[in-house]
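The structure under discussion is supplied below as structure tokens; questions concerning it will follow.
The values are calculated or read from the model by the stated rules, or taken from the named source; none is laboratory data. Worth saying up front: this structure is predicted, and the values here are computed from it rather than measured. All Cβ positions, glycine included, derive from the backbone under ideal geometry; neighbour counts span all protein chains shown.
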Amino acid sequence: MLFNASHIIMPFFKSNSGVMNPSSVSSLNPISSIWCVIENIFLAATAEGLACSMRIPVGEEGLNAAKAVGAPENYLLPCYIGLGYPADDIPEIEQVKYCAKDKIHFGKW
């Protein structure tokens, strides 16, 4: 999907020393914030009729991509986002409708 995407978004965030070795919940703020940004990109793109795909880099891939685009050393790449218009020939998926009362269970599974 990324290969065929019209655009690729690389959402970098400035990392602090605590992101990979957190000493407190607050040291995770940069990574939690970037994932909120990524979610908002997906929501906004979908609202505009665009399609998105995501790939999370593994191993040294994120660091290599950061070097390739000249990102500062203390910036990390959590994912790649493919963005474009969906193909015309994809099947439309019907939303399953249900009543919330049928899904809520009290005192049982």
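Conditions tested, residue by residue: (1) touching a residue at least 60 places away in the same chain (Cβ under 8 Å); (2) in contact with a helix residue (DSSP H, G or I) (Cβ under 8 Å, 6 or more places away or on another chain); (3) more than 14 Å from Cys79 (Cα to Cα).
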position: Leu2; (1), (2), (3): yes, no, no
position: Ser6; (1), (2), (3): yes, no, yes
position: Pro11; (1), (2), (3): yes, yes, no
position: Ser24; (1), (2), (3): no, no, yes
position: Leu28; (1), (2), (3): no, no, yes
position: Trp35; (1), (2), (3): no, no, no
position: Ile41; (1), (2), (3): no, no, no
position: Met54; (1), (2), (3): no, yes, no
position: Glu61; (1), (2), (3): no, no, no
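What single numbered condition from (1) part of a helix (DSSP H, G or I); (2) surrounded by 11 or more Cβ atoms within 10 Å (Cβ to Cβ) fails to hold for Ile81?
For Ile81, the failing item is (1).
Identify all residues within region 7-29 that are loosely packed, with under 15 Cβ neighbours inside 10 Å, at pLDDT below 80 and within 18 Å of Gly62 (Cα to Cα); write none if there are none.
Ser17, Met20, Asn21
Let me ask another. Any idea how many residues of region 1-29 are over 28 Å from Ala51 (Cβ atoms) and either touching a strand residue (DSSP E or B) at 6+ places or on another chain (Cβ under 8 Å) or part of a strand (DSSP E or B) (or both)?
The total comes to 3.
Further, regarding this structure: Scan region 36-55 for residues that are in a loop (DSSP other than H, G, I, E, B) and either of a type in the set (Asp, Glu) or surrounded by 14 or more Cβ atoms within 10 Å (Cβ to Cβ) (or both) and jot them down.
The initial filter retains those residues of region 36-55 that are in a loop (DSSP other than H, G, I, E, B), namely 48-50.
Once the filter is applied, which keeps residues that are in a loop (DSSP other than H, G, I, E, B) and either of a type in the set (Asp, Glu) or surrounded by 14 or more Cβ atoms within 10 Å (Cβ to Cβ) (or both), region 36-55 yields Glu48, Leu50.
Next up: So is Ser33 assigned to a helix (DSSP H, G or I), touching a Phe, Trp or Tyr at 6+ places or on another chain (Cβ under 9 Å) and of a type in the set (S, T, N, Q) or not?
Working: assigned to a helix (DSSP H, G or I): yes; touching a Phe, Trp or Tyr at 6+ places or on another chain (Cβ under 9 Å): yes; of a type in the set (S, T, N, Q): yes.
For Ser33, the condition - assigned to a helix (DSSP H, G or I), touching a Phe, Trp or Tyr at 6+ places or on another chain (Cβ under 9 Å) and of a type in the set (S, T, N, Q) - is met.
Do we have Ala71 as modelled with pLDDT of 90 or more and over 30 Å from Glu92 (Cβ atoms) here? Don't jump to the end; show me each part of the working.
Values: modelled with pLDDT of 90 or more: yes; over 30 Å from Glu92 (Cβ atoms): yes.
Answer is yes for this residue.
Each row is one residue, and each column tells you yes or no for (1) over 22 Å from Ala5 (Cβ atoms); (2) of a type in the set (A, V, I, L, M, F, W, C); (3) within 18 Å of the chain's Cα centre (by Cα).
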residue	(1), (2), (3)
Ala51	no, yes, yes
Ile56	no, yes, yes
Asn64	no, no, no
Ala71	no, yes, no
Gly84	no, no, yes
Asp88	no, no, no
Ile93	no, yes, no
Lys101	yes, no, no
